[in-house]
Amino acid sequence: MRGPLIPQKEITNGDKMSDTTDTGRVLAADGTPLKRSLNRALRRQKLRALGLIAPLLIFVLVTFIAPIADMLFRSVENQIVSNTLPGTVQQLEAWDGISDEAPDEAVYEALYYDMFLAAEAKEHTRLGTRLNYEETGVSSLFRSSGRSVDDIGEDYIDALEDLNEAWEDESFWYTLMSGGEDAAKNSGLLEEERDRLASLTSDDFGGDIGFVPGQEMSDLLPNTARAYTSFALFTVIADEDVVAEEEPWEAVKIALVQDLKRGVDLAGYSGFGADELRAAQDMLAEQPDIAFKEAFLEMDEDWGDTDNWRTNQVYSPPFTTGYFLNAIDMQKGTDGPEARPDNQQIYIMLFKRTLFMSLMITGSCILLAYPVAYLLSNLPMRSANLLMILVLLPFWTSLLVRTSAWKVMLQQQGVINDTLVWLGLVDDASRLIMINNQFGTIVAMTHILLPFMILPMYSVMSTIPPSYVRAARSLGATNWTSFWRVYFPQSVPGIGAGSILVFILAIGYYITPEIVGGTTGTFISNRIAYHISSSLNWGLAAALGSILLAAVLILYWAYDKIVGIDNVKLG
């Protein structure tokens, strides 16, 4: 049996000592429990290790993780429609998109105010470009309407200004809408419009703009107060002018006309501008209502096209699956996803072609690289080093130069065809077509990616002891049997490493297929590059890239299940 614990001294680190108390707790030299002291030391080690790898982690986060996250977000982000046309989107919720009738007057009125503000912020063209990806012709519709939207209701504005010159006075408008210094303020409306314009223009709307709408006027003339507040914010932030010194937009005056024509009760209002408002209301009572729908149809008859309105309605949510549907040759409809017309289906075919040709390139690299790597690993060191320089030589040449060289060699009047004609193997009138097709892409990319297959194979083969093959031969195995049963299984990890490397590089290539692929040898990556640099459809490009990434991960997972990623070695 063990006896009771007795305090004793244990000599540690020379003169330093740790105590063992009668409770069984071992103390460090500084008197703290030994377990706590060890944990503190381990934490310090982990923090030092984290400090050493922190630069690499930050670099990977900024250059790899963040771009992938941004790509995934862009593939579903669709806030430009709801930010640019918030009132129109809200009114469109009540419209039956299945019918063949255009929306009612309320939708066109909301469109007027949204379009006017978007045109001032130069955002209507971006919105048109976005919707044009889904419905051809919308871009020109928004562009032309942005130039003409300020002409709507100009007769009513002229009548208002002819009635009283005060409606052309900047200071009169400012005092009317602010309610004066002692009036109650509607800061909620100001913040609401501040957020709306910030999402529309991406400007910083912080600080005091020198204007807050009056609460009484906001309740009496809500549309006018909202329109004037937007005008005031835009004037201060975007135009950097003083609100009280600038005449309001036409949209503000149209909003006043609409508020007054809707029979607002001015009997109880006795504040600033009461007489002017009553006179304007009496004058406008004799005028017909503003026909916003008719005005937009006169501007462009396409505003009566229900397909354009369905596109607005379908893509009004801030997030959408439309990009992913387009990436698989489908589209969003009023009843849900539906197939695109046959003449617009291209992406599924490109995905299949990309996977097929990447596998073909990987296979051709394996067939060509294996004998070279075998030779390098079995030659004397001096000869192997010389051949290795020849293997690495393509890395010292520009990718564009190598690809262009193949274009020269493979064309019908190129070196290879000329040689075949000279040898009499091919008739001069029947030269081979080896460029601008899948064959040219496979040949050029096999040459470019071949070193990436040779190096992993060589690094693994160089570690295989030659004595294994000699032992197999000494036991009676033939040269083929000793190679196939002994040598080849040990070289499989190198084949796996090279295959993964070449396949992943091949599936994302776009420069070589663009130059030598023509119409039948291009990859999905060429379409992604087109949408990023030419059509500027970054959402669709992000969706295509996300699907390509998912396909690579699935193939990687399948390879791990079938072969085992642990069997992949680099030597």
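Quick one: what do you get for the stretch 371-502 if you divide its Cα Rg by 2.2 N^0.38 Å?
1.38
Per residue, how much space in cubic angstrom lies within the convex hull of the C-alpha atoms of the stretch 316-424?
Each residue corresponds to 237 Å³ of Cα convex hull volume.
Given the peptides 84-96, 547-559, 182-194, arrange them by the average over their residues of other C-beta atoms within 10 Å, most packed first.
Put in order of decreasing packing, that is 84-96, 182-194, 547-559.
What is the distance in Å between the Cα centroid of the stretch 108-173 and that of the stretch 443-461?
Using only Cα atoms, the two centres lie 61 Å from each other.
Need the full-extension length gain, ILE366 to VAL426, defined as separation in residues times 0.36 nm minus the C-alpha distance. One decimal, nm.
Taking ILE366 through VAL426 to full extension adds about 18.7 nm, to one decimal.
Can you pull the one-decimal nm distance between simple spin-label points at PHE59 and ASP275, each 7 Å off the Cα toward Cβ?
Inter-label distance under the simple model: 7.7 nm.
Summarise the long-distance tail of P(r) for the stretch 45-168 by giving the % of C-alpha pairs beyond 24 Å.
When every Cα pair of the stretch 45-168 is considered, 53 percent fall beyond 24 Å.
For a quick size check, give me the Cα extents of the stretch 55-108 along its three principal axes, largest first, whole Å.
Principal extents (largest minus smallest coordinate, Cα): 59, 20, 11 Å.
Of TRP422, HIS447, ASN479, whose Cα points farthest to the positive end of the dipole of the stretch 396-502 (charges on the beta-carbon: +1 Lys, Arg; -1 Asp, Glu; origin at the Cα centre)?
ASN479
Any chance you could list the semi-axes, whole Å, largest first, of the equivalent ellipsoid that the Cα gyration tensor gives for the stretch 261-313, using √(5λ)?
For the stretch 261-313, the ellipsoid semi-axes come out as 37, 13, 8 Å.
With the contact rule set at Cα under 8 Å and sequence spacing of 6 or more, what percent relative contact order holds for the stretch 190-272?
Relative contact order for the stretch 190-272 comes out at 30 percent.
Just reorder PHE356, PHE231 by solvent-accessible area, largest first, 1.4 Å probe, all chains present.
PHE356, PHE231
For the pairs LYS122/LYS253; LYS185/LYS293; LYS253/LYS293, flag any whose C-alpha to C-alpha distance is greater than 24 Å.
Those over the limit are LYS185/LYS293.
Name the residue from ALA121, ALA106, TYR156 whose Cα lies farthest towards the positive end of the charge dipole of the stretch 93-246, charges +1 on Cβ of Lys and Arg and -1 on Cβ of Asp and Glu.
ALA121
Ranked highest first by average number of other Cβ atoms within 10 Å, how do 138-144, 272-278 line up?
The most tightly packed comes first, giving 138-144, 272-278.
With N denoting the number of residues in the stretch 242-395, provide Rg(C-alpha) divided by 2.2 N^0.38 Å, to two decimal places.
Ratio of Rg to 2.2 N^0.38 Å for the stretch 242-395: 2.36.
Considering the values [x] 152; [y] 361; [z] 215, which represents volume of the Cα convex hull per residue in Å³ as calculated for the structure under consideration?
The listed entry that was calculated here is [y].
Over the stretch 267-372, what relative contact order in percent results from Cα pairs under 8 Å that are six or more residues apart?
Result for the stretch 267-372 is 11 percent.
Order these peptides, 487-494, 310-317, 384-391, by their mean beta-carbon neighbour count within 10 angstrom, highest first.
310-317, 487-494, 384-391
Distance in nm between label sites at ASP305 and LEU47, each 7 Å beyond Cα in the beta-carbon direction?
6.5
How much accessible surface area, in Å² rounded to 10, belongs to the heavy atoms of TRP538 with a 1.4 Å probe?
Number for this one is 110 Å².
Express the Stokes-Einstein translational diffusion coefficient of the stretch 453-561 in µm² s⁻¹, to the nearest whole number, given a Kirkwood radius over alpha-carbon pairs, 20 °C and a viscosity of 1.002 mPa s.
It comes out at roughly 125 µm²/s.
Ignoring ligands, DNA and RNA, what percent of the accessible area of the chain is carbon or sulfur (1.4 Å)?
58
How are the alpha carbon pair distances in the stretch 106-252 distributed across 10 Å bins from zero to the largest one, expressed in percent?
11, 37, 35, 14, 3, 0
Charges only on Cβ, +1 for Lys and Arg, -1 for Asp and Glu: so what's the dipole of the chain about the Cα centre, in debye to the nearest 20?
Dipole of the chain, to the nearest 20 debye: 8580 debye.
The values are calculated or read from the model by the stated rules, or taken from the named source; none is laboratory data. Being a predicted model, the structure only gives us computed values, none of them experimental. Don't worry about glycine lacking a Cβ; one is built from the backbone with ideal geometry, like all the others, and counts go over all protein chains shown. In case anyone asks, the SASA skips ligands and DNA or RNA and just uses the protein heavy atoms, side chains included. Shrake-Rupley method; radii C 1.70, N 1.55, O 1.52, S 1.80 Å.
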